[in-house]
Amino acid sequence: MGHKKVSTQTVSADKVGLRTKILYAMGNVYGGGGFQLVGFLYSIFLSDTIGLNMAYIPFVMLAGKIWDGITDPLMGRITDKTRSKWGRRRPYFLFGSIAVLISYVLLFAPVSFESQSMLLAYAILSYMTFSTIWTVVMVPYFAFGAEITLDYNERTRVMSVSTCFSLFGSILASSVPTLIINSFPTSKQGYTVMAVVFGAIFGISVLCVFFSKKEVVREDTNTEKVSFFKSFINALKIRSFRAYVGMFIFGMLGMDIISMIMAYYTRYYLRKDGILALCLTTALLTQLVCIPLWTKVANKYSKRTAYMTGGILVSAMGVCLFFLPKTISLPVIIVMIIAISIGLAAVMFIPHTILGDIVDIGEFAYGKRQEGTYSGFATFIRKISSGIGLAIVTGILGVCGYVTPPEGTTNFTEIYQPPMVEFMIRMFMSLIPVCLVLVGVFCATRFKLAGENHGKLIKHLNSLREGKGGTLTKEEEEDLRKQLIGKKAV
């Protein structure tokens, strides 16, 4: 069979081999790079290459997110209930690898419709296809990661390797696509080749996860069947899950807005169109280098301490960035990007390490391990944050009078945007992400799980699975429930 049961006596000290870590982490080349590519290129591809009116782009993003509201949680439920010779999660990596390639070819297809309504319809359908395939692959991926190990620090190490590969994928998606696109006579030709190249890269990365490790099944102590709707309500009742949602959605939304608006910021505010790849690569390399630092902080102090420290750094640098003039020199720009990216590394990385902890807390609350269900909710939150960010940004730029470049434009620095558009580009690059990240920092203060009480929790859960009644006294259990679950989860 494609899965195996393990003794609960040793699972809290479960170690993950290097081969498993690397093959699992390969999947996050798609997880990070796939969204990075779409986040910083898709909007400007729609507006500046195939000529979709900026006012229509928010409808593309919002349609995709409404669809995600159905598919993401549903996929979590499906992957929890999947049974095959390869296990619950791995079939989706095998068959999803081909679908990933197809989704990028459709997304960046060089369509030429005279009608704006036809362009809008095609953009919506292709974006929904991309979102669906991302869901089918990444919901099982995050669920798989949450069940690889129950050890608090080992889980952080696994996710640190995964995040490094995610950032590597993001670096590729930031630095290479524009080189491919600009090497062809027209941007439409360039986008087509770029889509095939990166679709193949991402598809191969997903396939690697299939070969990483056979699945581990841990039996539930509560065999009661729970409906899809009730499982979602139960998750929201847990204090730690609500805190995690806040950290994830506001931190990632701030980062997504920065990633997307940077193309407009360098092109229309700084008037330095050629530095986009350098800026994005600098940001992502900085984050990659800082992952080991934040891993040590999380393991030595706590995950929320790491998140809060990084969030405060992002906020301080974001305020400084707002006051920098458009005549700023390139070295100063790079220094600011590095400083902000050090903090963004924590804001982006830490929530991924927490998902497995949330599954543990969910088991503590309800006696069920629902990795797929929580992963589905988390994936939905991730895509909602990205979609809302893109819709808000593009919608406001459209209302403020964004000027769509004529078809065939090659020198975009000759296109000047209205003053209000320039001002909003500055706001979306600095103060608005600052406000969002600070909300995430506040949510982090509500997350109480750390290494010591997590160890007690896992020991208690293992004992319950063995039918021994748990290891916590009544007073200890009540105290831990108050910290991690709150009064609403019953």
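The values are calculated or read from the model by the stated rules, or taken from the named source; none is laboratory data. On a predicted model such as this, the values are computed, not experimentally measured, just so you know. Reconstructed Cβ throughout: ideal geometry from the backbone, glycine too, with neighbour counts over all protein chains shown. The protein model used for the area step is the full one, side chains on, heavy atoms only, and it has no ligands, DNA or RNA in it. Shrake-Rupley method; radii C 1.70, N 1.55, O 1.52, S 1.80 Å.
Only residues that are touching a residue at least 24 places away in the same chain (Cβ under 8 Å), closer than 21 Å to Arg239 by Cβ and open to solvent by 70 Å² or more (accessible area, probe 1.4 Å) were counted in the stretch 455-480, giving 1.
Can you tell me which residue among Gly389, Gly486 is closer than 27 Å to Arg77 by Cα, assigned to a loop (DSSP other than H, G, I, E, B) and in contact (Cβ under 8 Å) with a residue 60 or more places away in the chain?
Details: Gly389 fails: assigned to a loop (DSSP other than H, G, I, E, B).
After ruling out the rest, the residue left standing is Gly486.
Looking at the stretch 268-319 only, could you name the residues that are not in a helix (DSSP H, G or I) and not polar (S, T, N, Q)? Of everything in the stretch 268-319, those that are not in a helix (DSSP H, G or I) and not polar (S, T, N, Q) turn out to be Leu270, Arg271, Lys272, Tyr301. Candidates in the stretch 101-133 are the residues that are modelled with pLDDT under 90 and out of contact with any helix residue (DSSP H, G or I) (no Cβ under 6 Å at 6 or more places or on another chain); of these, the one that is surrounded by the most Cβ atoms within 10 Å (Cβ to Cβ) is Ser112. Tallying residues that are crowded, with 18+ Cβ neighbours inside 10 Å and either part of a helix (DSSP H, G or I) or free of Cβ contacts under 8 Å to residues at least 60 places away in the same chain (or both) within the stretch 440-454 yields 5.
Can you confirm whether the stretch 400-408 contains a residue that is in a helix (DSSP H, G or I), in contact with a helix residue (DSSP H, G or I) (Cβ under 9 Å, 6 or more places away or on another chain) and crowded, with 20+ Cβ neighbours inside 10 Å?
To start, the set of residues in the stretch 400-408 that are in a helix (DSSP H, G or I) comprises none.
So far as the stretch 400-408 goes, no, none of its residues is in a helix (DSSP H, G or I), in contact with a helix residue (DSSP H, G or I) (Cβ under 9 Å, 6 or more places away or on another chain) and crowded, with 20+ Cβ neighbours inside 10 Å.
Is it the case that some residue within the stretch 184-197 is in a helix (DSSP H, G or I) and under 30 Å from Gly362 (Cβ atoms)?
The first filter runs over the stretch 184-197 and keeps only residues in a helix (DSSP H, G or I), leaving 187-197.
In the following step, the residues that additionally are under 30 Å from Gly362 (Cβ atoms) were identified as none.
Checking the stretch 184-197: not a single residue is in a helix (DSSP H, G or I) and under 30 Å from Gly362 (Cβ atoms).
Per-residue answers, yes or no, for (1) at pLDDT below 85; (2) crowded, with 24+ Cβ neighbours inside 10 Å; (3) not aliphatic (A, V, I, L, M):
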site	(1), (2), (3)
Asp220	yes, no, yes
Val226	yes, no, no
Phe229	yes, no, yes
Tyr264	no, yes, yes
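Quick check: anything in the stretch 144-161 under 24 Å from Gly64 (Cα atoms) and either among the aromatic types (Phe, Trp, Tyr) or part of a helix (DSSP H, G or I) (or both)?
The initial filter retains those residues of the stretch 144-161 that are under 24 Å from Gly64 (Cα atoms), namely none.
Scanning the stretch 144-161 turns up no residue that is under 24 Å from Gly64 (Cα atoms) and either among the aromatic types (Phe, Trp, Tyr) or part of a helix (DSSP H, G or I) (or both).
Counting the residues of the stretch 77-96 that are within 19 Å of the chain's Cα centre (by Cα) and either open to solvent by 20 Å² or more (accessible area, probe 1.4 Å) or farther than 24 Å from Gly199 by Cβ (or both) gives 1.
If you filter the stretch 359-371 down to residues that are assigned to a helix (DSSP H, G or I) and more than 17 Å from Leu236 (Cβ to Cβ), you find that the one that is modelled with the highest pLDDT is Asp360.
Each residue in the stretch 356-379 was checked for being open to solvent by 10 Å² or more (accessible area, probe 1.4 Å) and either of a type in the set (A, V, I, L, M) or within 22 Å of Phe40 (Cβ to Cβ) (or both), and 1 of them qualify. For the stretch 428-439, a tally of residues being of a type in the set (A, V, I, L, M) and either touching an Asp or Glu at 6+ places or on another chain (Cβ under 6 Å) or open to solvent by 40 Å² or more (accessible area, probe 1.4 Å) (or both) returns 4.
Which count do you get for residues in the stretch 18-57 that are open to solvent by 10 Å² or more (accessible area, probe 1.4 Å) and over 20 Å from the mean Cα position of the chain (by Cα)? Total meeting the criteria: 11.
Taken over the stretch 71-118, the criterion of being in contact with a strand residue (DSSP E or B) (Cβ under 8 Å, 6 or more places away or on another chain) and assigned to a helix (DSSP H, G or I) is satisfied by Arg90 alone.
The set of residues from the stretch 58-73 being open to solvent by 50 Å² or more (accessible area, probe 1.4 Å) and out of contact with any Gly (no Cβ under 7 Å at 6 or more places or on another chain) comprises Phe59, Ile66, Trp67, Ile70.
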